[in-house]
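Inspection log for the structure reproduced underneath, given as structure tokens.
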Amino acid sequence: MSKEIIPKMELLVGPLTQECMEYMILNSRIKQVNKDQYLEESGTYDAGHLHYIYSGIAHSFYYDDETDKTFITRLWKKEDIIFDVKSFVNCEDRMENIQMLEDGEVISIDHFPLKNLLNNSPQLFTLFTRLQIERETYNKFYQHLLKSSVEARLMLFLKHNPTIINRINRDCIAQHLNMSRSRLSTAYALYKQNRNS
């Protein structure tokens, strides 16, 4: 926490007080997490956490009753911060589940300690603003991605995630890119062929 996360936070929000750093260290938990383990399930806002992916890959997803489909909205990798700012600020229920796709380590802070931390360290609101902007930027990128052809979709995905295709189940990647597993396999074979020629 003190060697990695706090220095990264200070780059974003400026110097933190000693009291703030001690509170964060005291209220953060590092967890060994296993593949398929849930970090969070959808539910009330006050059961949400801030998670920092120290190692491993996770995904956010939700099930839509109307279409009877599961939508994977985001893949999370090392050094990503998973946090539902909208739910935290507006006290809205969380709609997404967060599940590990491989073994890893996660550093987490619960809702109420985080609330107390913000009350005593208002400069951390800058971090939340940045996280919300990052989330909205990603959502725009993802919507653009889904409008592209299957080949362009995969190429853009691999540009931003060059090694992930060999680390997690390809069904998950296909679902995230809104294509069938067979379309993904064909597009990936073509991608490798073009890259090697």
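Out of all the residues in the stretch 48-65, which are buried (at least 21 other Cβ atoms within 10 Å of the Cβ) and either outside any strand (DSSP E or B) or of a type in the set (Val, Ile, Thr) (or both)?
Gly48, Ile53, Gly56, Ile57
Show the residue pairs meeting these rules: Cβ distance below 6 Å; 6+ apart or different chains; first residue within the stretch 57-85 and over 26 Å from Asp46 (Cβ atoms); second residue surrounded by 17 or more Cβ atoms within 10 Å (Cβ to Cβ) and of a type in the set (A, V, I, L, M).
Pairs found: Ile57/Leu101; Ile57/Ile168; Lys77/Ile57; Lys78/Ile53.
Which pairs turn up if I take residues in the stretch 1-25 that are under 11 Å from Ser121 (Cβ atoms) and look for partners that are open to solvent by 50 Å² or more (accessible area, probe 1.4 Å) with beta carbon separation below 6 Å, at least 6 apart in sequence or on another chain?
Hits for this filter: Val13/Gln123; Val13/Thr126; Leu16/Glu10.
Of all residues in the stretch 161-185, how many are under 17 Å from Val150 (Cβ atoms) and touching a residue at least 12 places away in the same chain (Cβ under 8 Å)?
Final tally of qualifying residues: 13.
Does the stretch 111-127 contain at least one residue that is more than 20 Å from Ser28 (Cα to Cα) and either more than 15 Å from the chain's Cα centre (by Cα) or touching a residue at least 60 places away in the same chain (Cβ under 8 Å) (or both)?
No, the stretch 111-127 has no match at all.
Quick one: in the stretch 66-86, which of the residues that are within 14 Å of Cys172 (Cα to Cα) and out of contact with any Asp or Glu (no Cβ under 8 Å at 6 or more places or on another chain) is surrounded by the most Cβ atoms within 10 Å (Cβ to Cβ)? Let's see the steps before the verdict.
Our first condition is that a residue be within 14 Å of Cys172 (Cα to Cα); within the stretch 66-86, this holds for 69-76.
Subset that is out of contact with any Asp or Glu (no Cβ under 8 Å at 6 or more places or on another chain): 69, 72, 74-76.
Details: Lys69: 11, Ile72: 19, Arg74: 17, Leu75: 20, Trp76: 22.
Restricting to residues being within 14 Å of Cys172 (Cα to Cα) and out of contact with any Asp or Glu (no Cβ under 8 Å at 6 or more places or on another chain), the top hit is Trp76.
Hey, among Ile107, Ile82, which residue is closer than 24 Å to Cys20 by Cβ, of a type outside the set (Ser, Thr, Tyr) and in contact with a helix residue (DSSP H, G or I) (Cβ under 8 Å, 6 or more places away or on another chain)?
Going through Ile107, Ile82 in turn, just one is closer than 24 Å to Cys20 by Cβ, of a type outside the set (Ser, Thr, Tyr) and in contact with a helix residue (DSSP H, G or I) (Cβ under 8 Å, 6 or more places away or on another chain): Ile107.
Quick check on my filter: what residues within the stretch 6-36 are crowded, with 16+ Cβ neighbours inside 10 Å and assigned to a loop (DSSP other than H, G, I, E, B)?
Leu16
The values are calculated or read from the model by the stated rules, or taken from the named source; none is laboratory data. All values reported here derive from a predicted model rather than from experimental measurement. Note: ideal-geometry Cβ built from the backbone for every residue, glycine included; neighbour counts use all protein chains shown. Keep in mind that these areas ignore ligands, DNA and RNA; they rest on the heavy atoms of the full protein, side chains included. Shrake-Rupley method; radii C 1.70, N 1.55, O 1.52, S 1.80 Å.
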